[in-house]
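Below: the structure, in structure tokens.
The values are calculated or read from the model by the stated rules, or taken from the named source; none is laboratory data. What you are looking at is a predicted structure, and each value in this text was computed from that prediction instead of being measured. Every residue, glycine among them, receives a Cβ derived from its backbone with ideal geometry; neighbour counts consider all protein chains shown.
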Amino acid sequence: MMRQSPVQKPQLKVCGLTRADEALACVAAGADAIGCVFYPPSPRHVPLETAAAIAHALKGAVPLVGVFVDASYEIIMQAVRTCGLNAVQLHGGEPPALVDRLARAPLPVIKALFVHRRPFATQAPHYPAHAFLLESGAGRLPGGTAQAWNPEPLKQFSRRHPLVLAGGLSVENIAAAAGACQPDAVDVSSSVESAPGRKDPRKVKLLTAALPAAAGRRFLRRIFK
């Protein structure tokens, strides 16, 4: 999940899918991974049977990532087995021990870290994750706030750790944000929607086109494969 690869642009994960047809449309528009949210307070939460239908429609074309917030190992693994998840994203205050246990399952784990709340980006060395998703963490919910923020301080982070950039990314700012910290992948949701949970493939295609190529001689890690 982290092998060095001559990818010229950051990979794109479109998160918060609630329909199989829209997941396929997002892949056709350029998505490298699809995310399903298993967190009931989120407006993009889906039951296991919906995520399983999305996985069936994708047929392994791209990875399906399950997003969890402070869920137990047992709940996460039930979703992995039922829905055929290829990786998990932990978006709460999960302890390093849970990340380690999931990674030994074996299962690729993306751990979310934040700027304005714990766990902070500086805590990355404590987590045996395959990659880290970074966003501001200033909203009421763990993610999906659509709040833009300045990721420039993450440039050193991306040189040390596989980085997925998230939070308020849109066609208007994604080139500047990605150029500032050179992430290996970006994660979007609300900016490519027509309504919460309803994805617009035209917006996905425009955002894909706006992603900048890697600067200099740096090769981006392939997070989703």
Being within 16 Å of the chain's Cα centre (by Cα) and in a loop (DSSP other than H, G, I, E, B) narrows G35, G30 down to just G30
Residues of region 65-79 being buried (at least 17 other Cβ atoms within 10 Å of the Cβ) and free of Cβ contacts under 8 Å to residues at least 40 places away in the same chain, in sequence order, are G66, F68, A71, I76, M77
Residues in region 115-130 that are among the aliphatic types (A, V, I, L, M) and over 13 Å from P96 (Cα atoms) total 2
From the option list A33, A57, A52, A28, single residue qualifying as surrounded by fewer than 21 Cβ atoms within 10 Å (Cβ to Cβ), in contact (Cβ under 8 Å) with a residue 60 or more places away in the chain and among the small types (G, A, S) is A28
Going through region 81-95 in order, the residues found to be surrounded by 18 or more Cβ atoms within 10 Å (Cβ to Cβ) and either at pLDDT below 95 or under 12 Å from L48 (Cβ atoms) (or both) are C83, L85
Of (1) outside any loop (DSSP other than H, G, I, E, B); (2) under 30 Å from A178 (Cα atoms); (3) out of contact with any Cys (no Cβ under 8 Å at 6 or more places or on another chain), A79 fails just (2)
All conditions in (1) part of a strand (DSSP E or B); (2) free of Cβ contacts under 8 Å to residues at least 40 places away in the same chain; (3) not acidic (D, E) are true of K203 except (1)
Per the filter on region 192-205, residues crowded, with 17+ Cβ neighbours inside 10 Å and either farther than 19 Å from V37 by Cα or at pLDDT 95 or above (or both) are V192, E193, K199, D200, P201, K203, V204, K205
- Restrict the check to region 37-56 and report whether at least one residue is at pLDDT 95 or above, of a type outside the set (S, T, Y), under 23 Å from A177 (Cα atoms) and out of contact with any helix residue (DSSP H, G or I) (no Cβ under 6 Å at 6 or more places or on another chain). no
Scanning region 108-157 for residues that are modelled with pLDDT of 85 or more, within 17 Å of I174 (Cβ to Cβ) and aliphatic (A, V, I, L, M), the one farthest from the chain's Cα centre (by Cα) turns out to be L134
Going through region 165-178 in order, the residues found to be in contact with a Pro (Cβ under 6 Å, 6 or more places away or on another chain) and buried (at least 17 other Cβ atoms within 10 Å of the Cβ) are L165, A177, A178
The one condition K9 fails out of (1) buried (at least 22 other Cβ atoms within 10 Å of the Cβ); (2) outside any helix (DSSP H, G or I); (3) in contact (Cβ under 8 Å) with a residue 40 or more places away in the chain; (4) not aromatic (F, W, Y) is (1)
Within region 34-76, residues closer than 17 Å to A105 by Cβ and of a type in the set (S, T, Y) come out as S72, Y73
